[in-house]
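A quick write-up on the structure given underneath.
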Amino acid sequence: MTRPSRLRPGARVAVVAPSGPVPADRLEAGLGVLRGWGLEPVVFPHVRDVHPELDYLAGTDTDRAADLQAAWCDPSVDAVFCARGGYGAHRMVDLLDWAAIRAAGPKVFVGYSDITVLHEAFALRAGCATLHGPMVATEAFLKDAATREHLRATLFEPETVLTLGLDTAAALVPGQARGVLYGGCVSLLAATAGTPQARTGARGGLLVIEDTGEEPYRLDGILTRLLRSGALEGLSGVVCGSWQECGPYGKIRAVLADRFGPLGIPVIEELGFGHGPTALTIPLGVPAVLDAPADGGRCTLTVEAPALL
């Protein structure tokens, strides 16, 4: 993947809402954080919209796509930050002009959850590395200092955050693997499987996954669909983040072990990213090494090249 340039004080950054409606108070607080980092945030026209009939969407599909398109293709914009996730990226991803996005070149792109759909599209249709990280109008970004600081370091000093992993990280299946990072919210990956331009395999890939609000049986179905579709063929390893409100973790862990164990590849659990209280920023589209020692030593994910140039 082509990596974008790191940010510097004074950088102009767009804020867009590709999915759900954005709480006004959280948006304003998030913009304040960005300004405190020396950035110049620009809120695009439809960020504060709510769809007139489908109130779970931040405005119409056409308007949400238009904001993202305009932000990406504006040469004065250095980065595009998603305000929040929710639902809706699936509905607008095919409305984007991917030829124009490719021509505009790489930019910093930050989001997670429903934004997984766009991470996959930027990787597969534009060849751009992106950041699976906290969004500016979300609780983790506003209330968790470690989450904010890790994103800030990734944006401005990416060489300082090459080794990732909270103390909770453990080896579900021991081993070491190398590959290119991809993934995000696993239910969105499963929803994307089989659609045009979706992955048909994962050779040479390191999968990073997390989710929220999925019961163990539903997670089983999500992983089984990915396995049956062939989307995980050739996978090198798996790195798991948080499973917020997904049921007792022991049951989630059993599902992960049951579905991934037979693949014979290393799996790290609870690395520390996703919908949980402290969420590390994970670069997607760059090579990394997964290290899950069998002796109970520290489990890590080490990025082999900084996320940003």
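Going by the conditions given, is V267 open to solvent by 20 Å² or more (accessible area, probe 1.4 Å) and aliphatic (A, V, I, L, M)? Answer is no for this residue.
Among the residues making up region 200-226, those that are aliphatic (A, V, I, L, M), within 15 Å of Y182 (Cα to Cα) and touching a helix residue (DSSP H, G or I) at 6+ places or on another chain (Cβ under 8 Å) are I209, L226. Of the residues E157, E139, which is farther than 26 Å from V238 by Cβ and modelled with pLDDT of 95 or more? Within the list E157, E139, the selection yields E157. Across region 199-223, what is the total count of residues that are open to solvent by 30 Å² or more (accessible area, probe 1.4 Å) and closer than 19 Å to I268 by Cα? Adding up the residues that qualify gives 4. Within region 88-138, the set of residues being outside any helix (DSSP H, G or I) and hydroxyl-bearing (S, T, Y) comprises Y112, T130, T138. All conditions in (1) open to solvent by less than 40 Å² (accessible area, probe 1.4 Å); (2) touching a residue at least 60 places away in the same chain (Cβ under 8 Å); (3) out of contact with any Cys (no Cβ under 8 Å at 6 or more places or on another chain) hold for V110, with the sole exception of (3).
Residues in region 24-44 that are surrounded by fewer than 16 Cβ atoms within 10 Å (Cβ to Cβ) and either touching a residue at least 40 places away in the same chain (Cβ under 8 Å) or within 21 Å of the chain's Cα centre (by Cα) (or both): A29 only. Looking only at residues of region 273-282 that are open to solvent by less than 10 Å² (accessible area, probe 1.4 Å) and either at pLDDT 95 or above or basic (K, R) (or both), we find that the one that is farthest from L142 (Cα to Cα) is I282. Each residue in region 283-309 was checked for being closer than 21 Å to F156 by Cα, at pLDDT 95 or above and of a type in the set (A, V, I, L, M), and 7 of them qualify.
Checked against the criterion of being crowded, with 23+ Cβ neighbours inside 10 Å, in contact (Cβ under 8 Å) with a residue 60 or more places away in the chain, within 18 Å of F109 (Cβ to Cβ) and of a type outside the set (S, T, N, Q), region 156-170 contains not a single residue that satisfies it.
The values are calculated or read from the model by the stated rules, or taken from the named source; none is laboratory data. Keep in mind it's a predicted model, so treat the numbers as computed, not measured. Don't worry about glycine lacking a Cβ; one is built from the backbone with ideal geometry, like all the others, and counts go over all protein chains shown. The area values use the complete protein model at the heavy-atom level, side chains included, leaving out ligands, DNA and RNA. Shrake-Rupley method; radii C 1.70, N 1.55, O 1.52, S 1.80 Å.
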